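Structure, as structure tokens:
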Amino acid sequence: MNGMMRTLLASVAFALWSDPAALAQGAGTQQAMLRNGDIIFQTSRSGQSEAIALATGSPWTHVGVLFLEKEWLVLEAIGPVRTIPLERWIAQGEGGRYAVKRLDPQHGNLSSEALSAMRQSGKGFLGRPYDDLFLWDDERIYCSELVWKIYAEGAGIRLCAPASLREFSLEHPVVERTMKQRYGTAIPWDEPVVAPSSLFDCPMLVTVPATR
């Protein structure tokens, strides 16, 4: 792990882990405040996480959508699209750190009809294979694309404008190596991409308190 990635993770650790007692209390408080459709972020332990963090300048490299069934579940694209219990999802991330965002009331509220449609949209993606080329079709799908499309298709809400691949910071050797492994010389520079960081920074979303 290089210096920039360590700095990104250290900044999160300092902000979110400086008070262990508050952390333990805050985690339970936050989960009591969760709502269907909330968007949850973590730092993935996957092999591509460092390259994503370097390309986006953000420690948040994986994202999913929360829905309450008998327990809180996270709908995510991490291999095939799946649902996973929240506590297991938290444990799979770096250091158990996570952040939760939801639609700012200034931009509307998710009605029961919209949430139902979002669930149905998500179910339509279940089992879809992971897209490690980050293409914008529906044959394969990556994590932030899944979240974006669930909101767009289910609730008619476009959380942020997709950026072209060339707009990310791609000069670092780790990023260059990852892209060469994925694309060879046929890099789709103008492919629309939504990164986890784009969703995290979306002005239509606000942070749910007691993120850890």
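Bear in mind these aren't lab numbers, they're just calculated from the coordinates by the rules spelled out. Quick caveat, the model's predicted, so the values are computed rather than measured. Cβ sites come from the backbone with ideal geometry, for glycine too, and all protein chains shown count toward neighbours.
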Separation between the Glu87 and Ser116 pseudo-spin-labels, each 7 Å from Cα along Cα→Cβ, expressed in nm?
3.2
Based on the alpha carbon coordinates of region 58-212, what radius of gyration and maximum Cα-Cα distance (Dmax) apply, in Å?
15.8, 47
Which order do the peptides 134-143, 147-156 take when ranked by the mean count of other beta-carbon atoms within 10 Å per residue, highest first?
147-156, 134-143
Note, Ala152: beta-carbon cut-off 15 Å, +1 each Lys/Arg, -1 each Asp/Glu, net -1
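Once you have the Cα-Cα distance between Gln106 and Glu167, take 0.36 nm times their residue separation minus that, and quote the gain in nm to one decimal. The partial results should precede the final answer.
Numbers: separation 61, 0.36 × 61 = 21.96 nm, distance 2.88 nm.
Result for the pair: 19.1 nm of gain on full extension.
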